[in-house]
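The values are calculated or read from the model by the stated rules, or taken from the named source; none is laboratory data. Computed from a predicted model, the values in this text were never measured in an experiment. Neighbour counts are summed over all protein chains in view; Cβ atoms, including those assigned to glycine, are modelled from backbone coordinates with ideal geometry. Only protein heavy atoms, including side chains, enter the accessible area calculation; ligands, DNA and RNA are left aside. Shrake-Rupley method; radii C 1.70, N 1.55, O 1.52, S 1.80 Å.
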Number of protein chains: 4
Amino acid sequence: MSKWRFQTPGIPDDLFIRGDLPMTKEEVRAVTISKLRLKRDSVVWDIGAGTGSLSIEAGLIADQGSVWAVERESEGIELINQNCEEFGVENIEPINGEAPAALADLPAADRIIIGGSGGQLEEILAMVDKKMTAEGRVVLNAITLETLLAAKESLSKMDYSFNIVTVSITRTREIGNYHMLDAQNPIYIIAGERRR
Amino acid sequence: MSKWRFQTPGIPDDLFIRGDLPMTKEEVRAVTISKLRLKRDSVVWDIGAGTGSLSIEAGLIADQGSVWAVERESEGIELINQNCEEFGVENIEPINGEAPAALADLPAADRIIIGGSGGQLEEILAMVDKKMTAEGRVVLNAITLETLLAAKESLSKMDYSFNIVTVSITRTREIGNYHMLDAQNPIYIIAGERRR
Amino acid sequence: MSKWRFQTPGIPDDLFIRGDLPMTKEEVRAVTISKLRLKRDSVVWDIGAGTGSLSIEAGLIADQGSVWAVERESEGIELINQNCEEFGVENIEPINGEAPAALADLPAADRIIIGGSGGQLEEILAMVDKKMTAEGRVVLNAITLETLLAAKESLSKMDYSFNIVTVSITRTREIGNYHMLDAQNPIYIIAGERRR
Amino acid sequence: MSKWRFQTPGIPDDLFIRGDLPMTKEEVRAVTISKLRLKRDSVVWDIGAGTGSLSIEAGLIADQGSVWAVERESEGIELINQNCEEFGVENIEPINGEAPAALADLPAADRIIIGGSGGQLEEILAMVDKKMTAEGRVVLNAITLETLLAAKESLSKMDYSFNIVTVSITRTREIGNYHMLDAQNPIYIIAGERRR
């Protein structure tokens with residue numbers, strides 16, 4: 001039984017083992033997973049998986065499916081393994097490699113997260129288009145203007161329909177009797193699928 | 001089988017029947033449901049249920065539990081019924097009445113959403129505290145400063161632990177070849193539980 | 001003497017005559033004018049001047065300089081004239097024409113606002129670069145992703161130094177005893193100058 | 001002649017000497033000063049002046065008036081003095097003391113900034129009401145929910161008319177060829193005046 005006993009995404013940040021890697025914050029994970037529209041038997045690629053926090057969320061919900069967590073940093077792979085153990089999740093396969101090359105041998109996916117692209121977004125999206133199932137969905141998280149731009153241009157060229165939202169979360173931090181505003185960096189979430 | 005074939009919250013706004021009532025937007029619903037931490041057998045109160053969009057999300061995920069959708073406007077009750085039918089959801093019970101009075105006879109809940117309080121927030125939270133199960137959670141959505149303030153003060157007096165985030169979503173709207181920024185009103189989401 | 005008796009920008013929206021044209025909101029005008037860094041004797045181009053609200057702000061502060069308010073819609077030109085009269089501002093020259101063509105005969109400017117570009121941003125920036133004084137500054141307001149990205153690309157190619165901020169203003173609207181959150185659309189403000 | 005040769009507020013952050021004190025960011029200063037509606041001969045109180053960045057902005061614009069920069073920390077007073085020298089501003093008087101006590105002997109002001117209140121906001125606003133001129137304006141910057149709510153309640157009781165905006169600025173930070181989103185903490189700006 002998993003450490004996370006709930007059906008809903010948005011696992012609190014501090015339940016993950018993080019090391020020094022940046023991690024997608026819980027509220028942004030909730031929206032990202034929501035845009036992904038998971039099924040219990042989804043096959044998921046999580047490209048640029050980092051600490052694996054999105055993989056864990058996806059693995060718990062797609063409990064009859066599987067998640068391929070692609071990450072080029074070996075530090076990330078270790079954290080993904082640790083988090084899988086921590087959360088008792090067994091349907092996640094960490095892949096230590098660089099996209100798009102590392103994607104070539106993976107099974108076709110119906111749900112694809114792109115959290116990092118190492119400057120290869122166009123090539124990665126071409127591979128996604130080649131291997132994603134007919135009714136598949138791809139969701140990108142962009143924290144730079146350049147990634148936003150590249151995603152928009154590539155998806156337009158591929159004639160995908162897509163939708164872009166910016167998510168800005170402000171937390172409050174208790175300091176004595178005060179709740180201070182504490183902005184999290186905004187993130188662009190782009191969700192695309194083939195035109196039907 | 002439901003019209004919504006996915007395991008994840010954040011059902012697109014346009015799948016709901018809305019009438020003229022305001023509706024919690026899909027990204028805000030995703031975060032709200034995430035803060036609620038649903039189980040499959042959760043018993044949920046949705047106070048100020050409006051069109052029932054949060055009730056539907058909760059009912060689909062808590063598929064072995066039940067949702068009590070409390071709404072004082074009969075127009076809302078009708079929309080909730082229509083949306084239940086539309087989505088094929090059968091574990092939602094619409095209650096046409098005003099909180100806190102309308103809550104008195106409901107079964108104890110472990111998950112409580114407060115989307116509207118008709119100026120009775122303190123009294124509603126007192127009732128919540130009386131009838132919520134030991135490990136229950138209450139999540140409030142506030143769109144006014146006054147509701148934020150009242151929630152913060154009441155939860156402090158009740159010695160609940162709570163956490164406040166502001167969620168600001170900007171969508172983009174396609175106009176010709178342009179993606180225009182289109183701000184949604186921010187919302188305060190306050191999630192509380194008893195100190196343990 | 002002007003209707004606006006203060007030295008500071010950010011004139012309240014409702015003091016302007018607006019017609020049906022969109023208008024840059026007062027808080028965004030305050031930041032835009034701040035990024036422009038006006039002098040009393042600045043010569044300003046306001047390209048895509050709309051209702052003239054930014055021209056009026058600039059004209060009042062650059063009271064020994066002049067403002068060329070370029071707008072292709074004759075409805076805008078009329079509003080600019082009306083607002084000049086309303087505010088008693090006499091150093092603004094409305095130019096009914098389309099940029100960049102309409103800019104060719106204007107005197108060199110040291111401060112340039114681009115509020116609208118009609119899809120000709122690259123060409124307009126080329127003209128700006130040709131006619132802006134050595135220590136000039138150009139400030140763009142973008143409400144679409146495409147304009148943001150075109151500005152970023154053009155300024156990069158021109159080897160300008162530039163800086164981008166997103167300004168998100170949420171107002172509160174009083175409804176009875178409540179202050180409701182009321183989001184204004186975010187705007188990207190890009191301020192550039194030649195590298196020195 | 002001042003180091004800042006422009007007529008407009010929003011002096012870049014890095015032109016100030018800051019020490020370890022927090023400082024109001026340039027875009028927020030631009031909006032704050034805009035809400036203040038300065039005249040050249042305004043008498044300004046800057047309560048909780050910190051590094052003096054708002055005092056400097058006000059002193060430059062109200063060049064025939066004066067600014068009383070009230071700050072309880074002696075580190076702040078030193079920074080204010082250094083910044084006055086740095087910017088060549090001579091109409092700012094630093095007052096080392098705690099409001100409201102430190103305000104009792106100041107000359108009446110027509111423009112009042114409250115950037116910090118040390119938990120004494122209600123008492124400070126009572127003093128403001130006593131000593132502010134008939135057409136005066138007071139502008140508060142709040143970074144906590146408690147200050148926002150205290151300001152709202154006190155101004156309501158005092159029957160002032162007031163207006164609240166939240167300003168959220170996201171900067172971009174260049175990292176290699178990327179522009180990363182970099183959120184600044186949002187701030188509530190509350191501008192009030194007596195009902196007329």
**Request:** Tell me, please, whether a residue that is more than 16 Å from the chain's Cα centre (by Cα), within 14 Å of chain D (Cβ to nearest Cβ) and modelled with pLDDT under 95 can be found in segment C:3-15.
**Result:** yes
**Request:** Count, please, the residues in segment D:64-75 that happen to be over 26 Å from D:ASP41 (Cβ atoms) and of a type in the set (Gly, Ala, Ser).
**Result:** 1
**Item:** Odd one out for C:PRO12 among (1) surrounded by fewer than 21 Cβ atoms within 10 Å (Cβ to Cβ); (2) over 15 Å from C:VAL167 (Cβ atoms); (3) in contact with a strand residue (DSSP E or B) (Cβ under 7 Å, 6 or more places away or on another chain)
**Value:** (3)
**Tally, over segment B:143-196, of residues that are more than 9 Å from every other protein chain (Cβ to nearest Cβ) and among the aliphatic types (A, V, I, L, M)** = 6
**Request:** Scan segment A:50-78 residue by residue and report those that are more than 14 Å from every other protein chain (Cβ to nearest Cβ) and either without any contact (Cβ under 8 Å) to a residue 12 or more places away in the chain or open to solvent by 10 Å² or more (accessible area, probe 1.4 Å) (or both).
**Result:** A:GLY50, A:SER66, A:TRP68, A:GLU71, A:ARG72, A:GLU73, A:SER74, A:GLU75, A:ILE77, A:GLU78
**Residue, most open to solvent (accessible area, probe 1.4 Å), within segment D:150-173, restricted to residues that are of a type in the set (Lys, Arg) and under 30 Å from C:LEU148 (Cβ atoms)** = D:ARG173
**Request:** Would you mind stating whether B:ALA109 is touching a strand residue (DSSP E or B) at 6+ places or on another chain (Cβ under 9 Å) and within 25 Å of A:GLU26 (Cβ to Cβ)?
**Result:** yes
**Message:** Report every pair of residues separated by at least 6 positions or lying on different chains whose Cβ atoms are under 9 Å apart, first residue within segment A:4-24 and within 15 Å of A:ASN81 (Cα to Cα), second modelled with pLDDT under 95 and open to solvent by 60 Å² or more (accessible area, probe 1.4 Å).
**Reply:** A:LEU15/A:LYS3
**Request:** List the number of the failed condition for C:GLU27; all other conditions in (1) acidic (Asp, Glu); (2) open to solvent by 10 Å² or more (accessible area, probe 1.4 Å); (3) touching a residue at least 40 places away in the same chain (Cβ under 8 Å) hold.
**Result:** (2)
**Request:** Restrict the check to segment C:174-181 and report whether at least one residue is surrounded by 19 or more Cβ atoms within 10 Å (Cβ to Cβ), in contact with a strand residue (DSSP E or B) (Cβ under 8 Å, 6 or more places away or on another chain), of a type outside the set (D, E, K, R) and closer than 26 Å to D:ILE187 by Cα.
**Result:** yes
**Complete:** Checking C:ALA126, C:ALA151 in turn, the sole residue that is touching a strand residue (DSSP E or B) at 6+ places or on another chain (Cβ under 7 Å) and of a type outside the set (Asp, Glu) turns out to be C:ALA151
**Asked** Can you name the residue in segment A:80-119 that is of a type in the set (Asp, Glu) and touching a helix residue (DSSP H, G or I) at 6+ places or on another chain (Cβ under 9 Å) and is also surrounded by the fewest Cβ atoms within 10 Å (Cβ to Cβ) among such residues?
**Response** A:GLU90
**Fill in**
Here, strands (runs of 3 or more DSSP E) confined to segment C:108-188 with at least 3 residues that are in contact (Cβ under 8 Å) with a residue 40 or more places away in the chain and among the aliphatic types (A, V, I, L, M) are C:109-114, C:132-142, C:160-175
**Item:** Subset tally (residues that are at the interface with another protein chain (Cβ under 9 Å from one of its Cβ atoms) and either surrounded by 19 or more Cβ atoms within 10 Å (Cβ to Cβ) or over 21 Å from C:VAL138 (Cα atoms) (or both)) for segment C:40-49
**Value:** 1
**Message:** open to solvent by less than 50 Å² (accessible area, probe 1.4 Å), at pLDDT 95 or above and not aliphatic (A, V, I, L, M): is that true of A:ASN141 in this structure?
**Reply:** yes
